[in-house]
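Following: one structure in structure tokens, then a few remarks.
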Amino acid sequence: MSEWQLRKGIAVTTTEYGGVLLDEKDGTYWQLNECGTLVVTAISEGRSPSDAVEQLLAEYEVERAEAEADVAELTDQLLRAKIVTRTGAAR
């Protein structure tokens with residue numbers, strides 16, 4: 001089991017332009033671009049942010065450092081917003 005997971009009550013829906021996260025508890029939502037949706041989908045499937053980086057590298061023309069920085073920034077935002085939870089110490 002991954003140390004990363006979506007908090008209970010968070011729904012993920014993909015759209016033509018990326019995706020949307022909905023907090024079913026308070027009705028707030030996040031709109032995500034395609035890459036953000038890829039990261040959230042990876043986490044929702046039990047994979048790690050580093051798995052999402054590898055998938056980004058395989059699917060898009062992006063440098064590793066940029067992909068790693070973007071994924072780290074998004075996961076940090078999601079952690080602060082309590083959209084995702086994390087167990088363990090390693091990222």
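Numbers below:
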item: Region 1-45: number of residues that are touching a strand residue (DSSP E or B) at 6+ places or on another chain (Cβ under 7 Å), surrounded by fewer than 16 Cβ atoms within 10 Å (Cβ to Cβ) and among the hydroxyl-bearing types (Ser, Thr, Tyr); result: 2
item: Test: residue in region 49-57 that is surrounded by fewer than 20 Cβ atoms within 10 Å (Cβ to Cβ), hydrophobic (A, V, I, L, M, F, W, C), out of contact with any Lys or Arg (no Cβ under 8 Å at 6 or more places or on another chain) and in a helix (DSSP H, G or I); result: no
item: Residue selected from region 24-41 under the condition in a loop (DSSP other than H, G, I, E, B) and of a type in the set (S, T, N, Q), by the criterion nearest to ALA58 (Cα to Cα); result: ASN33
item: Some residue of region 66-82 being within 26 Å of ASP23 (Cα to Cα), surrounded by fewer than 17 Cβ atoms within 10 Å (Cβ to Cβ) and in contact (Cβ under 8 Å) with a residue 60 or more places away in the chain; result: yes
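We did not get these values from a lab; they are worked out from the coordinates using the rules stated. Just so it is clear, the structure is predicted and the values come from calculations on it, not from any experiment. Positions of Cβ are backbone-derived with ideal geometry, glycine not excepted, and every protein chain shown enters the neighbour counts.
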